[in-house]
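Taking it in order: structure first as C-alpha cells, then the write-up.
None of the figures in this text is laboratory data; all of them are computed from the coordinates on show. The structure presented is a predicted model; accordingly, all values stated were derived computationally and were not measured. Ideal geometry is used to build each Cβ from the backbone, glycine not excepted, and the neighbour counts take in all protein chains shown.
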Amino acid sequence: MTPVSWGGMGLKQLTWVICAWISLAAAALAAGSPTPGSDKRFYEWIDEQGIKHYGDHIPPEYASQEHRVINAQGVEMERTEAQKTPEQLAEEEQRKAAAAERANRDRNLLNSYASVQEIEHLRDQRLALLSDQIKVTGQFLDTLNKKMSGLRVTSTRFKPYSPDPKAPPMTDQLAEDLVRVSSDIITQEDNLREKRSEVAAMSRQFDSDIARFKELKGIH
C-alpha cells in the first residue's frame, strides 16, 4: 500500500473519502459481516511540514519519530514515542534527579519538624553560632592588624625601610614575623568572608524550608 497524505487532499476529496469509508463500514455492519479491511493495520506519522501520512509501512526516515498504529476504523492500536536524543535523555535524567531530590527534601522537612516555630528556633540557634564565630574571628583579626602595625613601625628602623643610610639590616626574626602575621591576616579575612557568606546561604535555605513547610502543611 502506498502511503497516503491526507494533509495534501483538498477538502472535497477528503470529505468524499471519509463519507465513502463510513458508508462502506455501515453497510458491512448492517449485513452482519466484518468491514472490508477491518483487520488491516495502518501507520500514521507526520512529516517535516506537519502533514499527516498514512500507509501500511513507515518510511525509514520516519521510523525513529513518533507514530501510531490504527485499524481500518481509525482506532489507535499502538503508539510509539519518538526516540530521544542523548541531550534529551540527559535532560530527562536531570529532571528525574531533581524531582527525587525535592521529594526527599519534603520528606525530611515533614519528618524533622512539627511546626514552623521549630524550624525558626533551629535557624536562630545556628545563625547565633555563626554570629559568635564571626565576632571571635573579627576580634582576632583586629589583634593581628594591631600587631602588624607595630611590626611595620619597628621595620622602619631597619633597611630597606629606614631612610637612614646607616640603619642596620632587618633581623631575620622581624622579617619572619612580618611574613607570618601578614599570612595570618589574609587567612582570617578569608575566614570572615566565608562565615558571612555562610550566614547569607543559611538564611536563604531556612527561608526556603519554612516556605515549603508551610506549603506542604497548607499554612497561610
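Classify segment 61-212 as rounded, prolate or oblate, taking a ≥ b ≥ c as the square roots of the eigenvalues of its Cα gyration tensor: rounded when a/c is under 1.5, otherwise prolate if a/b is larger than b/c and oblate if not.
In terms of gyration-tensor shape, oblate.
Which distance in nm do the two modelled labels at D164 and S208 give, with both placed 7 Å along the Cα-to-Cβ direction?
About 6.1 nm, to one decimal.
Based only on other Cβ atoms within 10 Å, what is the fewest-to-most ordering of K166, K195?
Final ranking by Cβ density, sparse to dense: K166, K195.
Under the rule a/c < 1.5 gives rounded, and otherwise a/b versus b/c splits prolate from oblate, where does segment 44-104 land using the Cα gyration tensor?
Verdict is prolate for segment 44-104.
Just to confirm the filter: which chymotrypsin sites (Phe, Trp or Tyr not before Pro) across segment 128-164 are DSSP coil and have at most 10 other Cβ within 10 angstrom of their Cβ?
Passing sites in segment 128-164 do not exist.
If I model a spin label as a point 7 Å beyond the Cα along the Cα-Cβ vector, how far apart are those points for S197 and A63 in nm?
5.3
Give the lysines reachable from K40 as a straight Cα distance under 30 Å; neighbours fewer than 8 places away on the same chain don't count.
K12, K52, K84
Pairs of Cα atoms under 8 Å, at least six residues apart: use those to get the relative contact order of segment 114-217, whole percent.
Contact order relative to length: 41 percent.
Less than 30 Å apart at the alpha-carbon level, and either on another chain or at least 8 residues along: which lysines does that give for K195?
K135, K146, K147, K214
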